[in-house]
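Beneath this line is the structure, given in structure tokens, with notes to follow.
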Amino acid sequence: MNRIELVGALARRTGMTKVDTEVVTDTLFQIITDAMATGDKVRIDNFGTFEVKNRAPRVGRNPRANVPVNIPARRAPSFSAHKTLREAVNSGK
């Protein structure tokens, strides 16, 4: 499911227009993005937690030239599914 399909499904389930649903969806994603950009966790009960994890610098390898490459430290987005979501996925619902 892509973003447009998500907006359509949400509009059908809520009875809202697709335009209004798209605004709500985009706003929700922007709020989550803004919170994570400042280092905050976003915990949604029975769904999961969005957070930022710090990755340490490391040495990788360029596969073409077979030479070491320094990979700098970075912050990476992460999602941890709640038990309810994991069970729903595994039961096929």
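Coordinate-derived values only; no laboratory data. All figures in this text were calculated on a predicted structure; none of them were measured in a lab. For neighbour counting, all protein chains shown are included, and Cβ atoms are generated from backbone atoms with ideal geometry for every residue, glycine included.
Couple of notes before you dig in:
- Residue that is in contact (Cβ under 8 Å) with a residue 24 or more places away in the chain and among the β-branched types (Val, Ile, Thr), where the choices are Val52, Val7: Val52
- When the criteria are applied in full, Gly15 fails the requirement of being loosely packed, with under 13 Cβ neighbours inside 10 Å, without any contact (Cβ under 8 Å) to a residue 24 or more places away in the chain and touching a strand residue (DSSP E or B) at 6+ places or on another chain (Cβ under 9 Å).
- Exactly one residue out of Ala56, Ala81, Ala11 is hydrophobic (A, V, I, L, M, F, W, C) and out of contact with any helix residue (DSSP H, G or I) (no Cβ under 9 Å at 6 or more places or on another chain): that is Ala56.
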